[in-house]
Structure formats: C-alpha cells, structure tokens
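Reviewing the structure listed below.
Quick note: the coordinates plus some simple rules give every number you see, no bench work behind them. Please read all numbers here as calculations on a predicted model, not as lab measurements. Neighbour counts run over all protein chains shown; Cβ positions are idealised from the backbone, glycine included.
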C-alpha cells in the first residue's frame, strides 16, 4: 500500500505539461479614449505551446472593467510557428472613456473552425 501511495504522490506532484500561452502588446494601435472604439486589425500574438493538431485559433477580446461590452474578435488559421500575424481579423479596439481599463484576449485552439477544442489561453494588459 505504501508503494501505491508513494507512486500516486509522485504522479500528482509531477509538473504539468507545458501550457498553451500567448502574449501581445498594443504597439501601433491608434490612441482611443472616447468610448467609441475603432474597427482595427488584431495585434501580433506571440504563441507558445499551441496544442498539437491545432489548425484554427479563435481570439476574443474582453474589457474586464465592462465585461458586457462586446469587442468581438475573430478566427485565424494556424499552421505552426511562434506568431499569429497582425491584421488576420478585425475587432473593436480598446477605447475606455474614463482612464485605463484592463483588457483580456482569450485564444481557443481548435482542430479546425468547426472542430474539436484543444486548448484555451488568456493574456491581459491595461489600455492605454
């Protein structure tokens, strides 16, 4: 029984597989603080550990200070690599009327646009 308990403890303590992650910046985005967002192309996304079998990634932007506002997002094809190029889809830019807001992109990896979900990653940063 001790051997089983020790083996179970080792399995539970083992580090998890590398998680799907990504990062982005607002570099190059025209300043907007009027509360009336512009339709703009997506930023460059730097991706890591994209799940095997991913051929499409859906990105969605959320204003964490006003989560009910739909900034939209879009789909992009993925064939490997460390970046998703800028301008793959259009969305409503961040444009907080009262100072900084925190924004979060969610990336969901799929086998194809209507396929199996393989993983989810989130990245957030303030704007402006």
Subject >> Of all residues in segment 39-56 being more than 14 Å from residue 123 (Cα to Cα) and part of a strand (DSSP E or B), the one that is nearest to the chain's Cα centre (by Cα) >> reply: 56
**OP:** Under 9 Å between Cβ atoms, at least 6 apart or on separate chains: pull out the pairs that start in segment 33-45 with a residue that is touching a residue at least 12 places away in the same chain (Cβ under 8 Å) and at positive phi and end on any residue that is exposed (fewer than 15 other Cβ atoms within 10 Å of the Cβ) and part of a loop (DSSP other than H, G, I, E, B).
**Re:** 35/97; 35/98
**OP:** Collect the residues in segment 61-77 that are in a strand (DSSP E or B) and either more than 16 Å from residue 102 (Cα to Cα) or touching a strand residue (DSSP E or B) at 6+ places or on another chain (Cβ under 6 Å) (or both), keeping them in residue-number order.
**Re:** 61, 62, 63, 71, 72, 73, 74, 75, 76, 77
Original post:
Does residue 58 satisfy being in contact (Cβ under 8 Å) with a residue 24 or more places away in the chain and either within 16 Å of residue 102 (Cα to Cα) or surrounded by fewer than 17 Cβ atoms within 10 Å (Cβ to Cβ) (or both)?
Top reply: no
Subject >> strands (runs of 3 or more DSSP E) fully within segment 88-128 counting 3 or more residues that are under 22 Å from residue 49 (Cβ atoms) >> reply: 101-110, 117-127
